[in-house]
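Just below is one structure, and these are the notes that go with it.
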Amino acid sequence: MPNSRFKQTIDKKVEIPFLSGKNAFSHLSVVGRPANASLTGDGPIIILEPDLSWIVLFVAGLLEVVWAIGLKYTHGFTRLTPSIITIVAMIVSIAMLSWAMRTLPVGTAYAVWTGIGAVGAAITGILLLGESASPARLLSLCLIVAGIIGLKLSTH
């Protein structure tokens, strides 16, 4: 079966040794989708294709902002149009989160999704709803963003 064979090939870890130098890596480790690598100057220049799972997860997080803010405008789901927009955003956001979790670790994907939603909702609240923009609140939001970036960088 070609598909199962292809899957086995993709899931293997490949290590490519490089000579060490001023700007070189000691080796390039690739898991999953292959990277395009070329050698120039002191070390490799690595061009990675964007990982679709992370893009989908980011959009899912943005949709979480839409439904979180949308809840305010539904007035307890008594207003039809905001309620429909909010419910559709919820369903699509969770479906996209689920899709991203096929290849991303559950804890990382969920934390990034909620982090994007929390930061986005707080910023939207500050900009559109006149909520507090105190230094402590802004610092806390920066810490959440740092956590999201840390999770992204530490996920293989």
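So between Arg137 and Arg102, what do we pick up on full extension, going 0.36 nm a residue minus the alpha carbon distance?
So the chain would gain 9.2 nm between Arg137 and Arg102.
In whole Hz and in residue order, list the ³J(HN,Hα) couplings for the range 116-123 that follow from phi through the Karplus curve 6.51 cos²θ - 1.76 cosθ + 1.60, θ = phi - 60°; x for Gly and Pro.
4, x, 5, 5, x, 5, 5, 5
Give me P(r) over the range 108-156, computed from all C-alpha to C-alpha distances, binned every 5 Å, as integer percentages.
Result returned by the calculation: 5, 22, 26, 22, 13, 8, 3, 1.
Tell me, what ³J(HN,Hα) does each residue in the range 86-103 have, in order and in whole Hz, if you take phi through Karplus 6.51 cos²θ - 1.76 cosθ + 1.60 with θ = phi - 60° and put x for Gly and Pro?
Result, rounded to whole Hz: 5, 5, 4, 4, 4, 5, 5, 4, 5, 5, 5, 4, 4, 5, 5, 6, 5, 10.
Highest mean first, what order results for 140-146, 64-70, 107-113 on Cβ atoms within 10 Å?
64-70, 107-113, 140-146
All of the numbers you see were taken from the coordinates with simple rules; none came from a lab. As the structure is a prediction and not an experimental result, all values here were calculated from the model. Heads up, the Cβs are rebuilt from the backbone with ideal geometry, glycines too, and the neighbour counts pull from every protein chain shown.
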